[in-house]
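Peer 1: Take a look at the following structure, please.
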Amino acid sequence: MSVDAIAVKMAGLQLSNPTMLASGVHGSSLAKVLEALRVGAGGAVTKSIGPVPREGYAEPTLVEVEGGMVNAAGLPNPGAERFSEQLAQVKGRGLPIFVSIFGGDEKEFAQVVKTLDGNDFVAYELNLSCPHVSGVGTEIGHFPEEVSKVTKAVTVSTKKPVFAKLSPNTDRLIEVAQAAVDAGADGLTAINTIKAFPISVETGRPALSNGFGGLSGAAIRPVALRCVYELREKFDVPIIGCGGVATWEDAVQFFLAGASAVQLGTATVKKFEIFNDLNLGVISYMERKGVARLDDLVGRAHGGGIR
């Protein structure tokens with residue numbers, strides 16, 4: 001089977017394969033984004049970029065737990081103006097780079113877009129779901145009215161596709177997604193990390209400097225799958241699955257649930273060159289199941305399944 005069988009078309013974009021580097025795992029520079037594309041990812045998402053530079057939290061910002069990691073980096077980033085300068089290095093290369101952006105309100109989101117939009121990247125991902133930074137993330141993304149304002153401010157400011165990254169830390173997932181889609185979002189990313197609070201038994205204190213952080217890794221995969229499945233039941237827009245993807249079997253579960261592509265984050269910490277492993281596994285599975293194209297696999301869990 002040709003690798004063309006796993007090419008992805010969504011929201012006017014074309015990716016060579018359905019694996020992507022997730023935002024926020026490998027720092028704020030473009031180096032890891034470019035490396036991910038070089039070692040086989042079909043797309044890559046940058047660290048979240050805000051309107052002004054932000055240092056983030058003091059160490060420790062990451063702790064390993066059973067089934068994953070809990071992190072609270074605090075959205076460190078160079079700010080939109082400086083990052084715009086960094087994007088100059090990819091000008092004219094046509095790389096499948098998604099830029100993740102955040103802000104405190106719709107005006108700040110629009111400001112970031114105005115600063116970045118002339119650069120050479122393919123789409124935006126709206127960080128509406130960071131669980132551990134005051135004033136942004138879930139403090140916007142839990143409220144449909146705010147999500148609508150932010151999404152509309154971005155979509156009227158750019159011709160690039162816009163994906164809204166949603167939080168699992170809410171019982172209003174469908175309402176929030178509806179607000180984003182109604183305001184013009186071209187697709188959805190599900191999910192961001194789950195709010196968590198690790199404690200060190202040696203010190204008796206919170207293990208992270210911020211106290212609260214976001215749980216990622218295998219432990220959250222069933223939650224992410226549930227969110228993707230529920231979203232596919234309600235919406236026809238493309239969905240990117242994110243949360244605990246580490247093997248081709250994980251990726252296939254997300255496709256069956258309704259995702260057109262998957263993002264990998266925590267799994268790349270242990271093996272950055274993991275993308276081709278997943279792609280080859282998906283191709284082998286499709287051959288065994290007699291599935292000609294990845295599109296024919298997407299959403300099959302909603303019907304008769306697959307034999």
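The values are calculated or read from the model by the stated rules, or taken from the named source; none is laboratory data. This one's a predicted model, so the numbers in the text were calculated from it and none came from an experiment. Neighbour counts are summed over all protein chains in view; Cβ atoms, including those assigned to glycine, are modelled from backbone coordinates with ideal geometry.
Peer 1: Kindly indicate which of ALA224, ALA301 is in contact (Cβ under 8 Å) with a residue 60 or more places away in the chain and among the aliphatic types (A, V, I, L, M).
Peer 2: ALA301
Peer 1: Moving on to the next point. With segment 6-80 as the region, which strands (runs of 3 or more DSSP E) entirely inside it contain at least 3 residues that are touching a strand residue (DSSP E or B) at 6+ places or on another chain (Cβ under 9 Å) and either under 16 Å from ALA251 (Cβ atoms) or of a type in the set (Lys, Arg) (or both)? Talk me through it step by step, then tell me what you get.
Peer 2: Numbers: elements: 8-10, 13-15, 19-21, 43-45, 62-65, 68-71.
Those strands (runs of 3 or more DSSP E) span 8-10, 19-21.
Peer 1: Is segment 109-117 home to any residue that is under 22 Å from LEU21 (Cα atoms), part of a loop (DSSP other than H, G, I, E, B) and at pLDDT 95 or above?
Peer 2: First pass over segment 109-117, keeping only residues under 22 Å from LEU21 (Cα atoms): 112-113, 116-117.
Those still in the list that are part of a loop (DSSP other than H, G, I, E, B) too: 117.
Then drop every residue that is not at pLDDT 95 or above, which leaves 117.
Within segment 109-117, one or more residues are under 22 Å from LEU21 (Cα atoms), part of a loop (DSSP other than H, G, I, E, B) and at pLDDT 95 or above.
Peer 1: Given the conditions (1) surrounded by fewer than 20 Cβ atoms within 10 Å (Cβ to Cβ); (2) at pLDDT below 95, report the number of the one that GLY12 does not fulfil.
Peer 2: Checking GLY12 against (1) surrounded by fewer than 20 Cβ atoms within 10 Å (Cβ to Cβ); (2) at pLDDT below 95, the one that fails is (2).
Peer 1: Quick check on my filter: what residues within segment 173-185 are within 26 Å of THR266 (Cβ to Cβ) and in a loop (DSSP other than H, G, I, E, B)?
Peer 2: ALA185
Peer 1: Quick one: which of GLY24, GLY67 is touching a helix residue (DSSP H, G or I) at 6+ places or on another chain (Cβ under 7 Å), closer than 30 Å to ILE199 by Cβ and not aromatic (Phe, Trp, Tyr)? Can you show your working first?
Peer 2: Details: GLY24 fails: touching a helix residue (DSSP H, G or I) at 6+ places or on another chain (Cβ under 7 Å).
Being touching a helix residue (DSSP H, G or I) at 6+ places or on another chain (Cβ under 7 Å), closer than 30 Å to ILE199 by Cβ and not aromatic (Phe, Trp, Tyr) holds for just one of GLY24, GLY67, which is GLY67.
Peer 1: Restricting attention to segment 15-32, report how many residues are surrounded by 18 or more Cβ atoms within 10 Å (Cβ to Cβ) and either under 13 Å from ILE274 (Cα atoms) or at pLDDT 95 or above (or both).
Peer 2: The total comes to 8.
Peer 1: Here is a further query. Which one of these does GLU139 not meet: (1) surrounded by fewer than 18 Cβ atoms within 10 Å (Cβ to Cβ); (2) in contact with a helix residue (DSSP H, G or I) (Cβ under 9 Å, 6 or more places away or on another chain); (3) at pLDDT 95 or above?
Peer 2: It is condition (3) that GLU139 fails.
Peer 1: Does THR151 qualify as being surrounded by 23 or more Cβ atoms within 10 Å (Cβ to Cβ) and farther than 20 Å from GLY243 by Cβ? Working first, answer last.
Peer 2: Working: surrounded by 23 or more Cβ atoms within 10 Å (Cβ to Cβ): yes; farther than 20 Å from GLY243 by Cβ: yes.
Against the criterion (surrounded by 23 or more Cβ atoms within 10 Å (Cβ to Cβ) and farther than 20 Å from GLY243 by Cβ), THR151 qualifies.
Peer 1: Continuing with the same structure: Looking at the structure I just gave you, is GLY258 in contact with a His (Cβ under 8 Å, 6 or more places away or on another chain), under 21 Å from PHE98 (Cα atoms) and at pLDDT 95 or above?
Peer 2: On the way: in contact with a His (Cβ under 8 Å, 6 or more places away or on another chain): yes; under 21 Å from PHE98 (Cα atoms): yes; at pLDDT 95 or above: yes.
It is true that GLY258 is in contact with a His (Cβ under 8 Å, 6 or more places away or on another chain), under 21 Å from PHE98 (Cα atoms) and at pLDDT 95 or above.
Peer 1: Then there is this: Which pairs do you get when a residue that is buried (at least 24 other Cβ atoms within 10 Å of the Cβ), found in segment 61-79, comes within reach of a residue that is part of a loop (DSSP other than H, G, I, E, B) and of a type in the set (D, E, K, R), reach meaning Cβ atoms under 9 angstrom, with the pair 6+ apart or on two chains?
Peer 2: These pairs meet every condition: ALA73/LYS47; ASN77/LYS47.
Peer 1: Kindly indicate the residue of segment 87-116 that is of a type in the set (Gly, Ala, Ser) and under 21 Å from THR151 (Cα atoms) and also surrounded by the fewest Cβ atoms within 10 Å (Cβ to Cβ) among those meeting that condition. It would help to see each step written out before you state the result.
Peer 2: The initial filter retains those residues of segment 87-116 that are of a type in the set (Gly, Ala, Ser), namely 88, 92, 94, 100, 103-104, 110.
Checking which are under 21 Å from THR151 (Cα atoms) leaves us with 100, 103-104, 110.
Details: SER100: 23, GLY103: 26, GLY104: 17, ALA110: 21.
Ranking the candidates gives GLY104 first.
Peer 1: Residues in segment 153-165: is at least one out of contact with any Asp or Glu (no Cβ under 9 Å at 6 or more places or on another chain), in a loop (DSSP other than H, G, I, E, B) and modelled with pLDDT of 95 or more?
Peer 2: Filtering segment 153-165 for residues out of contact with any Asp or Glu (no Cβ under 9 Å at 6 or more places or on another chain) gives 156.
This time we only want the ones that are in a loop (DSSP other than H, G, I, E, B), so: 156.
Next, only the ones that are modelled with pLDDT of 95 or more stay: 156.
Yes, some residue in segment 153-165 is out of contact with any Asp or Glu (no Cβ under 9 Å at 6 or more places or on another chain), in a loop (DSSP other than H, G, I, E, B) and modelled with pLDDT of 95 or more.
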